[in-house]
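S.K.: Submitted below is the structure of interest, expressed as structure tokens.
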Amino acid sequence: MKISGSVALVTGANRGIGRHFARLLLEQGASKVYATARTPESIDIPGVETLRLDITDPASIAAAAAVATDVDLLVNNAGIATFTNLVTGDLDKIRLEMDTHFYGTLGMIRAFAPVLGANGGGAIVNMLSALSWFSFDGANSYGTAKAAAWSLTNGVRLELAKQKTLVTGVHLGLADTDMAAGADGPKADPADVVRAALDGVEAGKLEVVVDDWSAHVKASLSRDPLEFYGQSLAS
């Protein structure tokens with residue numbers, strides 16, 4: 001999969017990492033970039049083709065797929081963080097995160113898989129998180145939804161291999177975006193995150209682990225959970 005000459009569709013392209021995806025795809029030679037958002041009038045990137053898209057609305061997804069029939073690179077970036085816990089949190093917020101990160105991503109893949117197949121296979125990028133692999137009190141709903149999206153990524157990768165569609169999952173800790181504005185800790189430059197993701201696609205990688213924190217969390221999965229969560233459980 002080569003970025004130069006590709007036709008890409010990016011969800012959530014009006015801000016944050018999605019905006020950087022749309023801009024850098026053009027810089028790296030994509031022939032067309034569909035930049036999508038629920039409010040496409042908020043997209044201010046010269047050279048893109050804007051589309052209205054709400055990934056929690058099946059009709060909206062179908063409408064986008066009917067227009068963007070030339071896509072060979074799908075970037076599932078749109079997301080939401082409600083900072084909700086599971087036991088006492090608002091169930092509507094929990095459902096919204098699952099509807100966005102799991103069902104919304106799945107809806108996009110189901111709609112665009114035939115498009116990608118017809119265009120030679122292409123690639124899908126799913127923006128995931130280090131929180132796919134650990135839980136954090138105060139954002140457990142987000143982590144649960146991202147864990148589901150990680151499992152989804154692994155599953156659809158197997159299903160789409162027969163049509164030669166690469167499915168790349170991208171994991172990162174914090175990036176310097178609006179979504180992480182109130183979070184403490186080192187934050188990656190969103191442009192660096194996007195470059196790592198696109199380099200991974202061109203290299204045919206199944207998974208891109210952007211930062212040391214994400215690598216540390218992934219490595220912890222093979223060890224006793226008490227090593228990772230011990231301090232949190234004691235507090």
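S.K.: Would you mind checking the tilt of helix 58-67 against the longest principal axis of the Cα atoms of the chain, expressed as 0 to 90 degrees and rounded to 10?
M.R.: 40
S.K.: When the accessible area of the range 64-156 is split by element with a 1.4 Å probe, what percent falls to carbon and sulfur?
M.R.: 58
S.K.: Probe radius 1.4 Å, ligands and nucleic acids left out: which of THR39, THR69, THR82, THR153 has the largest accessible area, and how do the rest follow?
M.R.: THR69, THR39, THR82, THR153
S.K.: Along the range 69-77, what does the Karplus equation 6.51 cos²θ - 1.76 cosθ + 1.60 (θ = phi - 60°) give for ³J(HN,Hα), rounded to whole Hz, x for Gly and Pro?
M.R.: Values per residue, Gly and Pro as x: 7, 9, 5, 10, 9, 10, 10, 8, 10 Hz.
S.K.: Would you list TRP150, TRP213 from the most to the least accessible area, probe 1.4 Å?
M.R.: So, going from the largest accessible area down, we get TRP213, TRP150.
S.K.: How many nm separate the modelled label positions at ALA161 and LYS205, each set 7 Å beyond the Cα in the direction of the Cβ?
M.R.: Placing both labels 7 Å beyond Cα along the Cβ direction yields 2.0 nm.
S.K.: How large is the helix-only mean residue ellipticity at 222 nm for the chain, computed as the sum of -39500 (n - 2.57) over DSSP H runs with n ≥ 4, divided by its residue count, in deg cm²/dmol to the nearest 500?
M.R.: -13000 deg cm²/dmol
S.K.: Hey, which lysines would be in cross-link range of LYS218, C-alpha to C-alpha under 25 Å, not counting anything within fewer than 8 residues on its own chain?
M.R.: Output for LYS218: LYS146, LYS187, LYS205.
S.K.: Now for a separate question. Could you give the angle, 0 to 90 degrees to the nearest 10, between helix 16-27's Cα long axis and the longest principal axis of the Cα atoms of the chain?
M.R.: Between the helix axis and the principal axis of the chain, the angle is about 30 degrees.
S.K.: Can you put LEU206, LEU74, LEU158 in order of accessible area, largest first, using a 1.4 Å probe?
M.R.: Highest to lowest solvent-accessible surface, that is LEU158, LEU206, LEU74.
The values are calculated or read from the model by the stated rules, or taken from the named source; none is laboratory data. What you see is a predicted model, and the numbers here were worked out from it, not measured in a lab. Because the Cβ atoms are built from the backbone with ideal geometry, glycine has one as well, and the counts that use them run over all protein chains shown. Please note that ligands, DNA and RNA were not included when accessible areas were found on the heavy atoms of the full protein model with its side chains. Shrake-Rupley method; radii C 1.70, N 1.55, O 1.52, S 1.80 Å.
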